[in-house]
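Below is one structure, written out as structure tokens, with a few remarks after it.
What follows is calculated from the coordinates using simple rules that are stated; it is not laboratory data. All figures in this text were calculated on a predicted structure; none of them were measured in a lab. Cβ coordinates were reconstructed from backbone atoms using ideal geometry, including for glycine residues, and neighbour counts include every protein chain displayed.
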Amino acid sequence: MPREKLYSLKKARIRQSWNKYNLYNLVRQRPLRITDRTYFQQKYAAKQETRRYHGEHLTKRAWQNIFKHSLHSVVPMNARVLAGSDGSEQAMGRGSGLDLLSPTEHAKNLGGGPGGMRAGGGGDQGQTVLRVPYMNQMWAPMERRLDMAIFRAMFASSARQARQFVVHGFVNVNGKKMKHPAYMLNPGDMFSVDPEKVLFATGAPKHYHEQLNKRPKNATKAGSESGSEKSEGSEDAAEASKSESESNAEASNSKDAEAKPAEAKPIESKDSKPAPMDSKPAEGVSAANTPSSSTTSIPSSDPSDSTDSTDSTDSTDTKKLKHDPLNPYDPTKPYLTPWQPRDFLAPFAFIPRYLEVNFNICHAVYLRHPVARPGASEIPSPFGPETMQLAYHWFLRRR
């Protein structure tokens, strides 16, 4: 798919990619327009936006096969509340005195505090309880896919590239090669990617001038082979023109030689006498004024000397980089060496909680299924809870 359709700058389509155009679309993202739309139109628009990001490389039937209406979440409880009470205070009615206490004092009696009650979810009076984004869990089956786990573990720069790695046989699951991107990971599964492919996906691409260094050699060889037939017919004309140019050059040189002695004669007066060959320079005249030493004593003002010095420093730096054992210089690699991260990587550099990643050996472990907690969900998504709720209602009725 071309970039104009995949990353539409006009419509600001958000994809699962580290591309700079995708980052630009994330900055330009606006809330879903709900006004002047029916409920059906709102659900359809929410479905479109979310499907462009979550598994856009899957077909409609492939997504409906893994969609589940049940959503998994977690309600964290305060350990002090669980250890200090058996739940009998929840059954106390009027007259127990709990309704006369302030929310903070009541929380202290339970052993938590205002923050602890919010985390415990006890439903206290006047306490602000954070909402659990259940609707984000709609995409939990998508995060179990092998290609999506590779992208979340930062082993690939996009979901499409992660799928390509799996199909081409660069991914192992539990020590065995896996070529099915739709493989569903179970808790405890370990998957790995070829380190060279990870360096290629996360590293900066080669510069254009580095690619040009290899082209002239091949181009000259191909040009010499293809142009040998054409040059045979033009050899006679080239030799004739060459002889004519040589004759013209000889004639011009002879004319210059005849004119030079007349111009080189110095104008001497009658009283003047030629200086003897053994004469020495005067005492007041320095040796630097003599013609023999003028070429060595005058400092050169040529800017090429400064460039030579800079080139020498650059060459020493490149030598150091080439001999770096940890990050060597290797022109045969398909990525830039010495290796450096690609541009615009920082905004996308995060790893979900349900993955444990080791970049030294390019291995990762799928710890558990993603869950939702009060105020946050472990499934990364650029959309809000309202958009997710509308999309969930669409898929719930279309199941």
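The simple Förster model, with R0 at 56 Å and r as the Cβ-Cβ distance, assigns Leu199 and Arg397 a FRET efficiency of 0.80.
Close amide H partners of Val171, meaning residues 5 or more places away or on another chain with modelled amide H under 5 Å apart, are Met178.
Count charges around Leu199 for me, please; just the other residues with Cβ under 14 Å from its Cβ, Lys/Arg as +1, Asp/Glu as -1. Please list the in-between numbers first.
Details: positive: Lys197, Lys206, Lys333, Arg342; negative: Asp194, Glu196, Asp330.
So the surrounding residues net to +1.
Report the FRET efficiency, 1/(1 + (r/R0)^6), for Ala349 and Lys176, where r is their Cβ-Cβ distance and R0 is 30 Å, rounded to 0.05. It comes to 0.55. If the limit is 29 Å between Cα atoms, which of Lys20/Lys176; Lys179/Lys333; Lys43/Lys68; Lys177/Lys333; Lys10/Lys177; Lys10/Lys179 go over it? Violating the 29 Å limit, Cα to Cα: Lys20/Lys176; Lys10/Lys177; Lys10/Lys179.
In nm, what is the difference between 0.36 nm times the number of residues separating Leu130 and Val167 and their Cα-Cα distance?
On the way: separation 37, 0.36 × 37 = 13.32 nm, distance 4.19 nm.
Stretched out fully, the Leu130 to Val167 stretch lengthens by 9.1 nm.
Placing a label point 7 Å from the Cα of Ser8 along the Cα-to-Cβ direction, the residues of the stretch 21-54 whose backbone N falls under 12 Å of that point are 48-49, 52. What does the charge count around Leu185 come to, taking other residues whose C-beta lies under 13 Å from its C-beta (Lys +1, Arg +1, Asp -1, Glu -1)? Computed value for this residue: 0. Rounded to 0.05, the FRET efficiency of the Gln64 and Gln41 pair, given R0 = 22 Å and the Cβ-Cβ distance, is 0.55.
Simple spin-label estimate for Leu71 and Tyr329 gives 5.5 nm between the two label positions (7 Å along the Cα-to-Cβ direction from each Cα).
Compute the length gained on full extension between Lys20 and Ala83: take 0.36 nm times their separation in residues and subtract their Cα-Cα distance, giving the result in nm to one decimal. Working shown, then result.
On the way: separation 63, 0.36 × 63 = 22.68 nm, distance 5.09 nm.
Stretched out fully, the Lys20 to Ala83 stretch lengthens by 17.6 nm.
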